[in-house]
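First the structure, in the form of C-alpha cells, and then the observations on it.
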Amino acid sequence: MTAGARAATRSAVASASPVDVASLLLPSLRPIPGINLAARHLPAAGGAAEVGDFYDAFETGRVSTGVVMGDVCGTGMEAAVVARFARDVLRRAARSSASPSRNLATLNQTLIDRARGRGDEFEPDRFLSAAYLTLRPTTTGFTATLCLAGHPPALLRTAEGLVSEVGHTGSILGVFPSPDLGLRETRVRLEPGDALVLYTDGVTEARRGDEFYGTERLSQVFHAAKGLDAEELSAHIVDVVVAFSGGDLRDDTAVLVLQVPREPVMAESGEITARLGVQRTVKRASPEPASRH
C-alpha cells in the first residue's frame, strides 16, 4: 500500500459514519449453554473507545461453539478496523470448519493476501495474535480444543484451585505463510467448577514504572478469586490491572472468562444443559484425545 493509499484509508476511517463506527465496537458475547461467559475490555489510556483487542463467540457446527480472542498490533480505530475484519473472517471460516488451527491459518492467509495489495484496506504491517477455542459437549462435560497464534497461553483453574497455563504458542498472524506458523492444538476436558481465562498482553504488560504486571500476578489473582462468578472475575482482573498501572494503560486490554458452574445451568427452554469443566494436568499441544489425570 502506498503512502497516499494509507493516508486515504486514515481519512476514510476518521470520517466514518456513526453506523460504521458502531460496527467497530466489540459485540455482546453469544451465550453458551452450560457455561458462564463474560468479558471486559479497556482502551489504552487516552485512546478511542474502539480497540484493537477483540473477542467473539459463535456456533461452529451443530454441537460445537467457537470462542476467540485476538490482539491487533496498534491501538485506536485503525486497529479496530482490522479487529472487525478478523472477527468476520473467523466467523465465515467456522461455517465450514470447527478446527481452531485451520481457521486461524485461513485468517493468516487472508491477511497476507490483503497485504499484497488484493483489495487491502489496512496497512501491510498490521498483524495480530489470536487464541481460538472450540468447545464440544461430551457425556460428562466438554472437550476444549485450543490453538494459539502468537498469543499468551490461557490460564486454567481447576475446581480444586490449581492454576496452570494451557496452549502452545505459535506465530503471529499476517506475517508468515500458513505452513510456517507452527500452529498446534491443545485438547483439555472441562469439568464443573473449573474456569479458563483468555487475555491479551495488555494485561501482563501493564506497567508500574519499570515493573510489569506479569503472568505470575495474574495467576495469583485468578487463584484467589474462586468465589467470583464470570462477570465478577472479568471485572476484578481488569480493576486490579488498572490499579497496578495507576490507570496508565499503555495498550488496549481485554479479558475473557469461561467458567463452568458446579451446578447445571438451565437453558432457555427449561431443560438442563450440558456441563463444562478442565483437565487436571495440562499437556501442551497434545495431539491425543483429551484426558483427565
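Each reported figure results from applying straightforward, stated rules to the coordinates on display, with no laboratory input. Just so we're clear, the structure is a prediction, and the values are computed from it rather than from any experiment. Every residue, glycine among them, receives a Cβ derived from its backbone with ideal geometry; neighbour counts consider all protein chains shown.
May I ask you to sort Tyr213, Tyr199 by Cβ crowding, counting other Cβ atoms within 10 Å and putting the fewest first?
Numbers: Tyr213 19, Tyr199 31.
Lowest to highest Cβ neighbour count: Tyr213, Tyr199.
Once the gyration tensor of the Cα atoms in segment 149-272 is diagonalised, the equivalent ellipsoid follows with semi-axes of 26, 22, 13 Å, ordered largest first.
Rounded to the nearest 0.05, what FRET efficiency do Arg250 and Glu165 have when you use their Cβ-Cβ distance and R0 = 25 Å?
Working: r = 24 Å, r/R0 = 0.95.
It comes out at approximately 0.60.
Taking a Cβ cut-off of under 13 Å around Thr200, the surrounding Lys, Arg, Asp and Glu residues balance to a net charge of -4, with basic ones at +1 and acidic ones at -1.
Would you mind ranking Val163, Val255, Val188, Val81 by Cβ crowding within 10 Å, fewest neighbours first?
Exposure proxy ranking, most exposed first: Val163, Val81, Val255, Val188.
Modelled spin labels at Val63 and Glu263, positioned 7 Å past Cα toward Cβ, are 2.7 nm from each other.
Charge dipole (Cα centre; +1 on Lys/Arg Cβ, -1 on Asp/Glu Cβ; no other charges) of segment 29-185 amounts to roughly 560 debye.
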